[in-house]
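Every number here is computed from the coordinates shown, using simple stated rules; none is lab data. Owing to the predicted nature of the structure, the values given are computational and were not obtained by experimental measurement. With ideal geometry, Cβ positions are generated from the backbone for all residues, glycine too; neighbour counts draw on all protein chains shown.
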Amino acid sequence: MIEQIKAAIHRAAGNNQKIAMFHFQVLKNADDLSGIDPKGFCKEVSIPETYATEFTKMIALARLMKEQGTKII
């Protein structure tokens, strides 16, 4: 899964959609990613550690959406 996320993020960079794809991938895979260290995740997908804050926000958003009954893909 990590390699698929990494590939999707880096493909999207060519279309100036890197951050949007990062957010999408984390939201979509939040259940599987929730126990992962944010900085470690960033390192694994070869993006700056500064994205760790965004990772944490997307995990929290996914949790909130689930609690509110919103489906995530």
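Some values worked out for this structure:
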quantity: For segment 8-24, Karplus couplings with θ = phi - 60° (6.51, -1.76, 1.60), whole Hz, Gly/Pro x; calculated: 5, 5, 6, 5, 5, 4, x, 10, 6, 10, 4, 5, 4, 5, 4, 4, 4
quantity: Which of I9, T56, A30, positive extreme of dipole for the chain (C-beta unit charges); calculated: I9
quantity: Length-normalised contact order for segment 21-73 - Cα pairs under 8 Å, 6+ apart - percent; calculated: 41 percent
quantity: Kirkwood Rh (inverse of mean 1/r, distinct Cα pairs), the chain, angstrom; calculated: 12.2 Å
